[in-house]
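Presented below is the structure to which this report refers.
The values are calculated or read from the model by the stated rules, or taken from the named source; none is laboratory data. Note that this is a predicted model, so its numbers are computed, not measured. Ideal geometry is used to build each Cβ from the backbone, glycine not excepted, and the neighbour counts take in all protein chains shown.
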Amino acid sequence: MPTNTSKPSFRRILLKLSGEALAGSDEDKKFGIDAKTLDNVCQEIGRVVKSGTQVAVVIGGGNFFRGISASESGIERATADYIGMLATVMNALAVQQGLKQIGVEARVQSAIPISPVSEPYVRLRALKHLNMGRVVIFAAGTGNPYFTTDTAASLRAAEINADILVKATKVDGVYDKDPVHNADAVRYDQVTYDEVLQQRLNVMDATAIALCRDNNMPMRVLSIGEEGSLMRMAAGEPVGTLITSS
């Protein structure tokens, strides 16, 4: 693993990963976990941990199951959401194993108790793991239906007193419109949470945005597929888009 001598600017970050990010960049393959992509993500996290920054992760499950989409197909919403929570546990275990293979200790804490494969979510235990240099991967969202993993990320970031919430996506920041389908889309260097809500920018759901805003939790949106972007962000470089309360 490459060594990075940049001094970290953050003591503790919470990284929000979408499940789709683990499926890889191939548009024809949106299901499951791509081994190379998983390794790249773990390498990115590992570099940040070894630089001295504590890292917690909240991970989605959209590469296996999306609760909202399933509920539109006839599955009861609460049941669909619980299935989606279990999908996040699979992704969390995969990331834990990927980190282990590169020598980084990690613990999975699930909001839904699954004792044979993960710890239950306990805030003080999570903080202890982080202070010991372990990555903590929060799975199963908040443990409640009708709440997204974005909201779980905002909640956990506040609970562990993270310095910043980092949303790692397939695009390199926040745009005024979808950059995939609009060549004239403009990327923001910085924007406020109120502007995100007012302009309905596609960052996170409104509950997650409001939770970050009300707790003065800064967020940076960047591309997880851009090699070194997470490490550069941790070192203080203005990667992607910064979102703040004011």
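Residue count for the stretch 96-149 under the criterion of being in contact with a Ser or Thr (Cβ under 9 Å, 6 or more places away or on another chain), part of a loop (DSSP other than H, G, I, E, B), of a type in the set (Val, Ile, Thr) and in contact (Cβ under 8 Å) with a residue 60 or more places away in the chain: the result is 1. For VAL221, state whether it is within 23 Å of LEU22 (Cα to Cα) and either in a loop (DSSP other than H, G, I, E, B) or modelled with pLDDT of 90 or more (or both). Considered against the rule, which asks whether it is within 23 Å of LEU22 (Cα to Cα) and either in a loop (DSSP other than H, G, I, E, B) or modelled with pLDDT of 90 or more (or both), VAL221 comes out as yes. Residues of the stretch 144-159 include none that is buried (at least 21 other Cβ atoms within 10 Å of the Cβ) and over 20 Å from ALA206 (Cβ atoms). Can you find even one residue in the stretch 72-95 that is assigned to a strand (DSSP E or B) and modelled with pLDDT of 95 or more? Among the residues of the stretch 72-95, not one is assigned to a strand (DSSP E or B) and modelled with pLDDT of 95 or more, which makes the answer no.
For the stretch 73-110, a residue qualifies if it is buried (at least 18 other Cβ atoms within 10 Å of the Cβ) and among the small types (Gly, Ala, Ser), and the qualifying residues are ALA80, GLY84, ALA87, ALA92, ALA94, GLY98, ALA106, SER110. Being acidic (Asp, Glu) and modelled with pLDDT of 95 or more is the filter; apply it to the stretch 171-201 and report the residue that is surrounded by the fewest Cβ atoms within 10 Å (Cβ to Cβ). Only one residue fits best here, namely ASP189. Being in contact with a Ser or Thr (Cβ under 7 Å, 6 or more places away or on another chain), acidic (Asp, Glu) and in a loop (DSSP other than H, G, I, E, B) is true of ASP172. Considered as a group, the residues in the stretch 34-71 that are among the hydroxyl-bearing types (Ser, Thr, Tyr) and in a helix (DSSP H, G or I) include one that is modelled with the lowest pLDDT, and that residue is SER71.
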